[in-house]
Structure formats: structure tokens, C-alpha cells
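Accompanying notes for the structure given below.
The values are calculated or read from the model by the stated rules, or taken from the named source; none is laboratory data. Predicted model only: the values in this text are computed from it and were never measured. Virtual Cβ from ideal backbone geometry, glycine too; neighbours counted across all protein chains shown. Accessible surface areas use protein heavy atoms only, side chains included; no ligands, DNA or RNA. Shrake-Rupley method; radii C 1.70, N 1.55, O 1.52, S 1.80 Å.
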Amino acid sequence: MKFEEVKKLYADEILCFQEQKKAIRRLWNIDDGVAAFLFELVNAVKPDRLLEIGTSNGYSTFWLAKAADRSDGTVETIEVDDERFQLARKNLNNLKNVVMHFGKAEEIIPFLECKYDFVFIDAGKIGYINYIKLLEDKLTDDCLVIADNVISHRKTVKDYCDYMVSNDKFQNKYLSIEDGLLVSIHKNQNQRIHAVDKIMSKYGDYYA
């Protein structure tokens, strides 16, 4: 099932997310372009264990979970704000492949016991560098790490981007979709790199 077909099938749920975003200023949801990209990417690489840092009201989690469910993947998601966490818990209640964590990512990540093969970072921008350093030992060799807002918050996430670009384990590519994504792909995964490149080319300009 394609992105637009899922949108139609879950029109009521999507409308609920949209209305919440309009009503609550402190919700920072991804736009449809990023949602479609993540949905297609997860469908293509079929990760087993996904980690999202920054749940908000669960909109991005919804799309990650819907895509991951096709290959029996599980999404873990972390949210620090109680209001957003409660909204997300209500919104995602019917998704059986979502595990929610409440609290600061820096305090939760050290106690996570799984290895993750897909990570989406969209939380406090200044914390990106801390998140990835805490996660490095918890990533599989074929992990994909996607960071949002790397163009709109270029200065705030500069330490993160510099760190990832200089990391010998990853091949990094910027995608100029919406607020900008940095897609970090394990260098040894040639087949996965090819699949990611093919999808990225459909969504905007991308460059190393």
C-alpha cells in the first residue's frame, strides 16, 4: 500500500493529528513530504527495530509504525514533554508495534537494551550530538540514522552534522526536503545505500 492510499484509509486519524497541530503551538510535526519519504524508506529497507527521538503527538511515529508493521518491525519512541506524550499515547493506542518512553532521551537511551537498525531524530536540536554518541553502541551494522531540521536549524545541529560526516562508519547525504534531512548510511551496506539513493532522488536534491 502506498503513502496516499494509507492517508485515505486512515483519514480520520490523519485529521486528528492535523487538528491537534493547529490547536497546540508546541507541536512540531513533520510535513507530508518527510512523512512520505520515511514511509517509503522504511518499506524499502524493512528494519526490525526502529527508534524515534522526539514523538511529539505521534504523527511521525504513526507513519514509521505503519511502514514497519509490514515487516513485523517495532518502533520505540521517546518524548520528554508530558502533554505531547499523553496526546501521542492516545493517538497511537491502536498501534500494537509501538513502545513509548517518557522522559529525557539522554536519560533513557543508556537503559535501552535493543540494537536498532533505523533511527529518526527530531527532538531538541542542541541534543542531537548527545543522542547519537549515546546510541553508537546500540546501532546495528546496517543501521540508518535520519536527522530532521538540519537545514532550518543548521547552526544548532552543526556539531551533530560535523560529527556524523567525520564518522568513518557512515556515508552521509543531505536531502533538501522541507526543513532538511541528514541521512547517514552504514558504509558497508552497498545494497542499502543503493536503495536509499533511489528513494532520495524522488524527494528532492541530495548531496554528500
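General observations
- Residue match in the stretch 68-88 (condition: in a helix (DSSP H, G or I), among the hydroxyl-bearing types (Ser, Thr, Tyr) and under 28 Å from Glu13 (Cβ atoms)): yes
- Pairs where the first residue, in the stretch 7-21, is under 14 Å from Trp63 (Cβ atoms) and the second is at pLDDT below 95 and open to solvent by 80 Å² or more (accessible area, probe 1.4 Å), C-beta under 8 Å, 6+ apart: Leu9/Met1
- Output for the stretch 15-35, where each listed residue is out of contact with any Leu (no Cβ under 8 Å at 6 or more places or on another chain), part of a helix (DSSP H, G or I) and open to solvent by 10 Å² or more (accessible area, probe 1.4 Å): Leu15, Cys16, Gln18, Glu19, Lys22, Ala23, Asp32, Gly33
- Filtered by the rule that a residue be part of a helix (DSSP H, G or I) and among the hydrophobic types (A, V, I, L, M, F, W, C), the stretch 42-67 gives Val42, Ala44, Val45, Phe62, Trp63, Leu64, Ala65, Ala67.
- Residues that are aliphatic (A, V, I, L, M) and assigned to a loop (DSSP other than H, G, I, E, B) were ranked within the stretch 149-171; the one that is nearest to the chain's Cα centre (by Cα) is Val150.
- The stretch 164-184, residues that are closer than 18 Å to Ile53 by Cα and either touching a helix residue (DSSP H, G or I) at 6+ places or on another chain (Cβ under 9 Å) or among the aromatic types (Phe, Trp, Tyr) (or both): Met164, Asp179, Leu181, Leu182, Val183, Ser184
- Subset of the stretch 112-131 (residues that are in a helix (DSSP H, G or I) and either surrounded by fewer than 21 Cβ atoms within 10 Å (Cβ to Cβ) or out of contact with any strand residue (DSSP E or B) (no Cβ under 7 Å at 6 or more places or on another chain) (or both)): Lys125, Ile126, Gly127, Ile129, Asn130
- Qualifying positions in the stretch 177-208 - among the charged types (D, E, K, R) and open to solvent by less than 70 Å² (accessible area, probe 1.4 Å): Asp179, Arg192, Asp197
- Given (1) modelled with pLDDT under 95; (2) over 21 Å from Asn149 (Cβ atoms), index of the condition Arg26 fails: (2)
- The residues in the stretch 89-111 that are open to solvent by 90 Å² or more (accessible area, probe 1.4 Å), more than 20 Å from Ile126 (Cα to Cα) and in a strand (DSSP E or B) can be counted, and the count is 0.
- Residue list for the stretch 132-146, restricted to those being outside any strand (DSSP E or B) and open to solvent by 40 Å² or more (accessible area, probe 1.4 Å): Lys133, Leu134, Glu136, Asp137
- The single residue among Asn167, Asn149 that is at positive phi, surrounded by 15 or more Cβ atoms within 10 Å (Cβ to Cβ) and free of Cβ contacts under 8 Å to residues at least 40 places away in the same chain turns out to be Asn149.
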